[in-house]
């Protein structure tokens, strides 16, 4: 949002797409096995090697940003959805204690850089989509979308066969 302070306290729904929306985060054999219980991490959908690195990096966000809470996420073949909470105190990043406040832009940028470093190249498209969650109804709707996203993969707006 224009003129919005992304270091403000709140919940953020973030979508990060792979470069050219290539399906590189699920193992090849998983693409057609999406079923009712396929919320990741799951036994019915296997992550690719890149997907496993993304999963590990997402789960390390609270290590680098102890004041940021990872509320929910899902890894899709060519994108990732996360819901992150930044509290009122605007916690500082551990690796850079001189930064004044943690912003969602900083958290996502660091996560993307870490994945790229571990893989040896960038797999991400430039920037990311974000949405500021305004209330419980918003959160419930987004939470349901994240839970159902793997089940509805072939009807998803990000769906691609490449």
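The values are calculated or read from the model by the stated rules, or taken from the named source; none is laboratory data. Note that the coordinates shown come from a computational prediction; the quantities given were computed from them, not determined experimentally. When we count neighbours, we look across all protein chains shown, and the Cβ atoms used for this are built from the backbone with ideal geometry, even at glycine.
Here are a few things to note about the model shown:
- Residue 126 being farther than 14 Å from residue 11 by Cβ, touching a strand residue (DSSP E or B) at 6+ places or on another chain (Cβ under 8 Å) and surrounded by fewer than 17 Cβ atoms within 10 Å (Cβ to Cβ): no
- In summary, strands (runs of 3 or more DSSP E) completely within segment 67-162 and bearing 2 or more residues that are closer than 21 Å to residue 27 by Cβ and either modelled with pLDDT of 95 or more or more than 16 Å from the chain's Cα centre (by Cα) (or both) occur at 69-75, 79-86.
- Each residue in segment 42-66 was checked for being more than 14 Å from the chain's Cα centre (by Cα), within 24 Å of residue 11 (Cα to Cα) and surrounded by fewer than 16 Cβ atoms within 10 Å (Cβ to Cβ), and 2 pass.
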